[in-house]
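Below is one structure, written out as structure tokens, with a few remarks after it.
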Ligand SMILES: [Zn+2]
């Protein structure tokens, strides 16, 4: 390819103070840098963009084609995003994880709506605060955090590869918006609503909070007349669902890497995890040995995909390991699960009278549903809600479903594992003593992995050796430290008794079930006698 020698055409002109719009169009492949006034007032740098500025000088610098151009930095123009934004229009928020966060006007249009403010009433960790009392942070601050990190991630890439990749300021804006809005369709009580409650109401329903977020974004735009062009809006929505089952990469013809920043469907590394791993660990009072900054600073786009330095593979492993650890010790803590199971029962009992589940069909109704639904049930005095109310009262008085025992499914049984049901436990009951009923027992099947099922997540990540090298590769299992896991999934089966007086009978039936299924007891230890003898 013939490279043009940069030629400079300087056009100096004084603009009238009233001029606020200049249209510049250039043929494809040419780059126009626009420098207005002094360095601090640079409004935009890009190709054929509409520039708004009320005063100062306009300098047009026309440089050959994109490949032959010198970088923005060598031109002495800062591409730092903050420099390019009028700070008078930004709102500053102090976040306890990331420090100062600056919100742009377009994001404030979304934030200052009742639909977004609802996130304040959704605890990020659902009912985990019943065990870790500090875990009361909400999806509101998490969303601001993801917005901020999304901006930082694109900005870092833009600083190093902005021209080569053709990253425009509008790209940063859209990725940030996707980060801000990625959880706006989340249901109450973290994942319990979609994973435990909805499937029991509608058999086989496929509903995801990512899909709801997309619907909610449209609803907010319509309801509040937000001025955003349809193309941009589509991109924001695609970025939100990029990692979900319904996400499609077909329409994303160019700059695919932009769709991996908020919700990464290709390898699971995204700023959503960066934020919640650090935020959740901090709220629960657990240490966090994972530092996302290292990854953010060194990421590089190669072949339209974000790649990482080979020497950072341990940091990436820590990301997945810390996440799995949070799942085991916090999100699926045995007692947290017991309370979740009770809340699911309460919501099922209240569903007909409060139309909880049907609200998923209408964003205009869905935004009204949040964690406060428990309070609504608790303080109600109608007869229809009595059963639901009684369950919530049991939670308040800590008369919880009793955890009997658990086992980890043996590795060789994982592949053909079938979900265990209360019926399976009842069938294993020996005759004599009390007769257990299906509704006395709850079974919770918990799956914990490193985001890629039984596969090593590091295998789906592209690495590069050093800056300047073009080679992209993945790291094979046998090249990694022998101290890292060789198996990547846990399946835990937990059994609960709804009544304390049945713990002994349920525990025995559960042990029989294990003997029947595996020929041995798979549980770590038998249920303590003190628990078996507990009476109401
Ligand atoms: Zn999130």
Legend entry - Any chance residue 174 is within 16 Å of the ligand (Cβ to nearest atom) and either assigned to a helix (DSSP H, G or I) or not assigned by TED's automatic domain parsing to the domain that holds residue 112 (or both): no
Legend entry - Per-region count, the range 305-329, residues surrounded by 19 or more Cβ atoms within 10 Å (Cβ to Cβ) and under 25 Å from residue 441 (Cβ atoms): 0
Inset, instruction - Could you tell me whether any residue of the range 264-282 is assigned by TED's automatic domain parsing to the domain that holds residue 176, closer than 20 Å to residue 239 by Cα, more than 16 Å from the ligand (Cβ to nearest atom) and part of a loop (DSSP other than H, G, I, E, B)? - result: yes
Legend entry - Filtered residues of the range 93-146 (kept if within 16 Å of the ligand (Cβ to nearest atom) and assigned to a strand (DSSP E or B)): 95, 101, 123, 138
Inset, instruction - Just give me the residues in the range 382-417 being modelled with pLDDT under 95, within 31 Å of the chain's Cα centre (by Cα) and farther than 22 Å from residue 507 by Cβ, in sequence order. - result: 411, 414, 415, 416
Inset, instruction - Go through the range 177-197 residue by residue and tally those that are within 16 Å of the ligand (Cβ to nearest atom) and part of a helix (DSSP H, G or I). - result: 9
Inset, instruction - Kindly provide the set of residues from the range 501-526 that are in contact with a strand residue (DSSP E or B) (Cβ under 7 Å, 6 or more places away or on another chain), at pLDDT 90 or above and farther than 15 Å from residue 423 by Cα, ordered by number. - result: 503
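The values are calculated or read from the model by the stated rules, or taken from the named source; none is laboratory data. Note that this is a predicted model, so its numbers are computed, not measured. Don't worry about glycine lacking a Cβ; one is built from the backbone with ideal geometry, like all the others, and counts go over all protein chains shown.
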